[in-house]
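Have a look at the structure below, then the notes.
The values are calculated or read from the model by the stated rules, or taken from the named source; none is laboratory data. The model shown is predicted, which means the values in this text are computed figures rather than measured ones. Cβ placement follows ideal geometry from the backbone for every residue including glycine, while neighbour counts extend to all protein chains displayed. Please note that ligands, DNA and RNA were not included when accessible areas were found on the heavy atoms of the full protein model with its side chains. Shrake-Rupley method; radii C 1.70, N 1.55, O 1.52, S 1.80 Å.
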Amino acid sequence: MLPARERWELKRKAREAAARLEQQDEPPKAPLLLTGPTWFSFSFQKPLRGGQSNGTPFTINGQPLYLESPSLEEPDRADMEHEVKTAYTVWDCSLVLSKFLEHHSRSQPDSRFNIQGKRLIELGSGRGLVGLSAARLGANVTLTDLNSVVPTLKGIVALNGLEAGKSRTKSEGAVEDVVSLDWNKPIKIGKEFDIVLAADVVWVEALIRPLAKTIAAFCRPKTIAICAHQSRSTRGDAIFFDALEELSLKVERLPKNLLHPDFTKETIDVYIFKRR
Ligand SMILES: C[S@@+](CC[C@H](N)C(=O)[O-])C[C@H]1O[C@@H](n2cnc3c(N)ncnc32)[C@H](O)[C@@H]1O
């Protein structure tokens, strides 16, 4: 979690950038800074052996998921590009999407979202909360992000004992793979997936079309993509949804009452994309 002053500063810059964006037709010169994270702060820190969690842990199926530990090697973020830096924060969309998956695995209001035993890929995993949650809920998951993020992601998977091949309860799945996937480069993953997951991946305009193409590339006739999206600009949204339409994907915004009742937010929606 960023210090309060830094968070305040980020929010101020994002508000200014959003206001500038409203007034111009030209694309912004610099990426629009993300607002957030703003959720009630959970502790993602794994307590030291025998110790107690320092705060409210984030749980899936009653079990905490850990994204931080003194034993986890973290890269120096000082000189990182903005796009990569975002990978080291847990964004609100990932909480909404993780709890959405849990909600549907428990009460199954819509069987399309039952992920038990299914093969999933997550795009732009960041700290991996969504993919780890899916594995906890019984899916076989591939996490992806930029190459430089992969070592930390692998460490986080191990922190939770969710690597493939580890013995665990019958209902749990696993993280089968953590691989480098840059939306701007050709895709080298040969597998097919039942579900594509993505949380908070639409913000830098230059990345929106490559992202849409990547989603489309993984969408086979029966695949669905489930995407938690926080709107940051009307133009960014328009580029994204137009690109998906052009790529022959049908876009469905889910009604808020299909989300976990305790994990909804006015500015966040869950979308389903599917081949026409
Ligand atoms: C706002 S973060 C969201 C992270 C995570 N999904 C969450 O919600 O907490 C955006 C993610 O996109 C990844 N990303 C940025 N540029 C990318 C690219 N060209 N290809 C693939 N992933 C990229 C970042 O590394 C980061 O993990």
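Some observations on this one:
- Restraint check, LYS166/LYS188; LYS85/LYS188; LYS85/LYS265; LYS166/LYS265; LYS191/LYS256, Cα-Cα greater than 28 Å: LYS166/LYS265; LYS191/LYS256
- Check: the range 34-275 dipole with +1 on Lys, Arg Cβ and -1 on Asp, Glu Cβ, in debye: 780
- With every protein chain in place, the range 34-275: carbon and sulfur % of accessible area (1.4 Å): 48
- When both bridge partners sit in the range 34-275, DSSP labels roughly 40% of those beta bridges antiparallel.
- Looking at the range 34-275, the accessible area is 45 square angstrom per residue; that uses a 1.4 Å probe and ignores ligands, DNA and RNA.
- In this Cβ point-charge picture (+1 for Lys and Arg, -1 for Asp and Glu), the range 39-109 has a dipole of about 480 debye about its Cα centre.
- Backbone N under 18 Å from the SER71 label point (7 Å along Cα→Cβ), restricted to the range 119-159: 151-159
- Against the rule of thumb 2.2 N^0.38 Å, how large the Cα Rg of the range 111-221 comes out: 1.03
- Put a dot 7 Å past the Cα of LYS213, heading toward its Cβ, do the same for ASN147, and the two dots end up 1.9 nm apart.
- Environment charge at LEU137 (Cβ cut-off 14 Å; Lys +1, Arg +1, Asp -1, Glu -1): +3
- Euclidean distance between Cα centres, the range 40-100 to the range 232-276, Å: 25
- Once Rg and the Kirkwood radius are both taken over the C-alpha atoms of the range 34-275, their ratio Rg/Rh works out to 0.93.
- Of the residues THR169, THR144, ranked by 1.4 Å probe accessible area with the largest first, the sequence reads THR169, THR144.
- Cβ-Cβ FRET estimate between LYS256 and SER231, R0 fixed at 22 Å, reported to 0.05: 0.95
- Rg(Cα)/(2.2 N^0.38 Å) for the range 154-276, N = residue count: 1.17
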